[in-house]
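The values are calculated or read from the model by the stated rules, or taken from the named source; none is laboratory data. It should be emphasised that the depicted structure is a prediction, and the values quoted were computed from it without experimental measurement. Here Cβ is always computed from backbone atoms with ideal geometry, including for glycine, and neighbour counts include all displayed protein chains.
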Amino acid sequence: MSRPEDTLPPDLYYNDTTSRQYTRNTRIRQIQADMTDRALELLDLQQPSFILDLGCGSGLSGEILDKAGHTWVGMDISPSMLDVALQRQQQRFEAEDETEDVDVDEDNDNEDDDEDDEDVAMNGHTNGSNAPSGGGGDLFLADMGQGLPFRPGTFDAAISISAIQWLCNVDSTDISNTAEMRLRRFFDTLYSGLKRNSRAVCQFYPKNDVQKSMITKAAIRAGFGAGLLEDDEGTKNAKTYLVLSVGGGDISSAVAGMEGVDVEDGRQIREAMKSGKHKRGKSGGMVVEGSKKWIMEKKEKMRGKGKVVKGDSKYTGRKRRVAF
Amino acid sequence: MKLLTTSFLTCAVKTCRSSPASFPLHFRDASLEKISIPFNSTFLLNILPRIDWTALQTTAAELGLSAMLPSENPQDALLAAQEAGEGGMDIAEDESKGTGIDEEVLKKLWTLLMETGVVEGKLVCGNCGFEYPVKEGVGNFLLPPHLV
Ligand SMILES: C[S@@+](CC[C@H](N)C(=O)[O-])C[C@H]1O[C@@H](n2cnc3c(N)ncnc32)[C@H](O)[C@@H]1O
Ligand SMILES: [Zn+2]
């Protein structure tokens, strides 16, 4: 299956039809909701917070943030996605007076209906109308690869669901807009836009290990402490979460005790990068000591030597969202 | 777009990042809307210390909303009062009573920051003059490549 990222730039790929189909698809909605719940769990927020949602799309995550009592700001490069987000906000707003569940899909043009395209109440996956509600979301049409326009220390947290791999696209021949430069602008401004001792969780679909490492290293270079978490590793449902921390430097506490997490301490890795003390991975990508891949390779070696190592585990038993 | 959000927005143009004149962005031809969001003092108290009061005053004045804004950040005022030598006892008492800030003041701020939004208009950088359009409450912060 070809990756959408390889076909078109994101603002063209997510056109009106695709954006609407994406948002109406029950299965997609469920997956995005689960990943948002997981990201919220990793953020471990203790109070109603101000959250940045990067590549917010049609606001599927935002609705969950709002139900959990937060206030958010979403950015997306696709006008069509934002258009769907606005329509959904509007419907939600109107439905608030009625206290009934909202039927989001009142779009009557059936030319793009498909199997998954069932009508589902927007509140379907929560506990109904008495769910706590936050301050809603504000939307921006913006390219996160150009850098984020926020003051230092603005946000309590950031999330990004299924979006940052798009930054790695080669969609132009412009030498001042390479994937590296987009990633650098993105992570540098994300780092400064977050409060000290905060976290960001970015679920993304890396094309390969090289891309995974390129993204992680860009985050670390910006100053983040970084950890990679893999859910359902090795299956076709594998999900990769980049867990980032600002200040305190150490992500260990965020992921302590969680299985399948390899901890990368940003400071240590930045040191290693400076001193050129890094190793080369099998697939040729540069692997920093302490990175996921390096740990995997080390595990393989140890297995080879007949030592017992902890299995590459799968995440199970997820907790549902917290409410305030 | 809530005034909460605009109080944290700065110009995205690279050469403006270090310029004090790029914050706050200035409203031009703004039309406002009032929505209703249930009051949440915990969130408000979380966010208040982060708000640049001088910038918010500028914004409020541009929108003709100065009357809704106290002259200083009530949280700063509270801290100052606590530091001004009132014993630990008093602070503890204050906390048990709640926020220690007049609820009326907080509610007014809630209305200003959370329930007042810009639907149409422009946000203009005081440094480079770049205009960011706002349409249907959505800010357009896409930059032409040469400004990135
Ligand atoms: C798979 S969708 C996910 C949308 C949403 N996060 C969700 O979970 O439903 C990926 C989104 O990333 C957005 N995106 C891609 N590149 C972007 C960029 N450079 N800046 C902002 N958004 C971007 C796309 O427009 C699209 O809405
Ligand atoms: Zn500017």
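Of all residues in the range B:2-28, which are part of a strand (DSSP E or B), out of contact with any Lys or Arg (no Cβ under 6 Å at 6 or more places or on another chain) and either away from ligand 2 (no atom under 12 Å from the Cβ) or within 11 Å of chain A (Cβ to nearest Cβ) (or both)?
B:Lys2, B:Leu9, B:Phe27
Just to be sure before I move on: is B:Leu56 in a helix (DSSP H, G or I), more than 16 Å from ligand 2 (Cβ to nearest atom) and either surrounded by fewer than 17 Cβ atoms within 10 Å (Cβ to Cβ) or within 12 Å of the chain's Cα centre (by Cα) (or both) in the structure I sent?
Considered against the rule, which asks whether it is in a helix (DSSP H, G or I), more than 16 Å from ligand 2 (Cβ to nearest atom) and either surrounded by fewer than 17 Cβ atoms within 10 Å (Cβ to Cβ) or within 12 Å of the chain's Cα centre (by Cα) (or both), B:Leu56 comes out as yes.
Name the pairs whose Cβ atoms lie under 7 Å apart, with the first residue in the range A:43-70 and assigned by TED's automatic domain parsing to the domain that holds A:Asn25, the second at pLDDT below 95 and within 8 Å of ligand 1 (Cβ to nearest atom), and 6 or more positions between them or separate chains?
Short answer, once both residue conditions are applied: none.
Report whether or not A:Asn197 is more than 16 Å from ligand 2 (Cβ to nearest atom) and either within 28 Å of A:Asp11 (Cβ to Cβ) or within 13 Å of another protein chain (Cβ to nearest Cβ) (or both).
no
Please determine, by comparing only the residues of the range B:98-148 that are among the charged types (D, E, K, R) and in a loop (DSSP other than H, G, I, E, B), which one is nearest to A:Gly135 (Cα to Cα).
Ranking the qualifying residues of the range B:98-148, first place goes to B:Glu115.
Tell me which of these B:Thr42 doesn't satisfy, since it passes every other one: (1) within 16 Å of ligand 2 (Cβ to nearest atom); (2) of a type outside the set (Asp, Glu); (3) at the interface with another protein chain (Cβ under 9 Å from one of its Cβ atoms).
With (1) within 16 Å of ligand 2 (Cβ to nearest atom); (2) of a type outside the set (Asp, Glu); (3) at the interface with another protein chain (Cβ under 9 Å from one of its Cβ atoms) applied to B:Thr42, the lone miss is (1).
Spot the failing condition for A:Arg185; the list is (1) without any contact (Cβ under 8 Å) to a residue 60 or more places away in the chain; (2) in a helix (DSSP H, G or I); (3) more than 8 Å from chain B (Cβ to nearest Cβ), and only one is missed.
Answer for A:Arg185: the failing condition is (3).
Among residues belonging to the range B:16-50 that are among the β-branched types (Val, Ile, Thr) and under 20 Å from A:Leu45 (Cα atoms), point out the one that is farthest from ligand 1 (Cβ to nearest atom).
Result: B:Thr42.
Name the residues in the range A:33-82 that are buried (at least 24 other Cβ atoms within 10 Å of the Cβ), touching a Gly at 6+ places or on another chain (Cβ under 6 Å) and in a helix (DSSP H, G or I), would you?
Those that are buried (at least 24 other Cβ atoms within 10 Å of the Cβ), touching a Gly at 6+ places or on another chain (Cβ under 6 Å) and in a helix (DSSP H, G or I): A:Gly62, A:Met81.
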